[in-house]
């Protein structure tokens, strides 16, 4: 039977499109080689800070923390290149801040890319905390002088521009004087197109409130 003109119209064949891979990846640093790479990034960052007359931690060996097998660090990658590393912790007792939080300990970024990487970490952290049903993210940055003094003031301005709140200063997790930072949790449903996340829920840190 010869089809009529209306029957001869082509019918689109349904298909499923594979979503494009995310540009960045946030994942656990689970192997000794990855932890060694993170420790090297921390050393490079600290060397860069020293060359620019900026403070580095005086009371803790941060690279050693990333090499330790019991540490569960996280890294931000682009095409397999490590851009940043940190140690997420579940609601530690920081001695400041009200209520539970996701704490990002020892954030270090690749020298020369800090602003862009910090913005990516900020987006990921606020979304990750929301998925963990935690209200805020907290972090610390070294503050050897007054918060209004440069170059710290410029750094804090950049952080507040990305959504962080400065909550004063005081003794930090590792004993150095720090500026205390807080970021509201915020679900970001479309973020997976930019940053894929394979980070486990962080363990409770030593000295957390559950052990108090």
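Going by average Cβ neighbours within 10 Å, how do the peptides 103-109, 140-146 rank, with the highest at the top?
103-109, 140-146
According to the square roots a ≥ b ≥ c of the eigenvalues of the Cα gyration tensor, what is the shape class of region 121-212, taking rounded for a/c under 1.5, prolate for a/b larger than b/c otherwise, and oblate for the remainder?
Since a/c reaches 1.5 but b/c is at least a/b, the shape of region 121-212 is classed as oblate.
Mind running the shape call on region 64-183? Use the C-alpha gyration tensor, a ≥ b ≥ c as the square roots of the eigenvalues: rounded below 1.5 for a/c, prolate if a/b tops b/c, oblate otherwise.
Rounded shape, in that the Cα axes give a/c under 1.5.
With n ≥ 4 as the cut-off for DSSP H runs, can you work out [θ] at 222 nm for the chain, using -39500 (n - 2.57) per run divided by the number of residues, rounded to the nearest 500? Mind dumping the intermediate values first?
Numbers: 4 runs with 54 residues, N = 212.
Estimated from H runs of four or more residues: -8000 deg cm²/dmol.
If you wrap the chain's Cα atoms in a convex hull and average its projection over all directions, what's the area in nm²? Each step should come with its number before you reach the end.
Values: hull surface 68.7 nm².
One quarter of the hull surface, i.e. the mean projection, equals 17.2 nm².
Report the extension gain between residue 58 and residue 197 in nm, rounded to one decimal, defined as 0.36 nm multiplied by the number of residues separating them, less their alpha carbon distance.
46.8 nm
Once R0 is set to 25 Å, what does the formula 1/(1 + (r/R0)^6) return for the Cβ-Cβ distance between residue 44 and residue 116, expressed as a FRET efficiency to the nearest 0.05?
0.90
What is the fewest-to-most order of 196, 53 by other Cβ atoms lying within 10 Å of their Cβ?
Listing 196, 53 from fewest to most nearby Cβ atoms yields 53, 196.
Measure nothing fancy, just the Cα-based angle from helix 114-131's long axis to the longest principal axis of the chain, in degrees from 0 to 90, nearest 10.
Roughly 70 degrees, rounded to the nearest 10.
As a footprinting exposure proxy, order 157, 131 by other Cβ within 10 Å, with the fewest listed first.
Working: 157 10, 131 14.
In order of increasing Cβ crowding within 10 Å: 157, 131.
Based on alpha-carbon centroids, what's the gap between region 20-90 and region 109-162 in Å, whole number please?
Between the Cα centres of region 20-90 and region 109-162 lies a distance of 15 Å.
Counting other beta carbons within 10 Å of each Cβ, put 85, 101 in order, fewest first.
101, 85
Under a plain spin-label model, where a point goes 7 Å from the Cα along Cα-to-Cβ, how far apart in nm are residue 144 and residue 21?
Rounded to a tenth, the inter-label distance reads 4.2 nm.
Every read-out reported here was derived from the displayed coordinates using simple, explicitly stated rules and does not represent laboratory data. The structure displayed is predicted, hence computed values, not measured ones. No Cβ is skipped: glycine too gets one built from the backbone with ideal geometry, and neighbour counts run over all protein chains shown.
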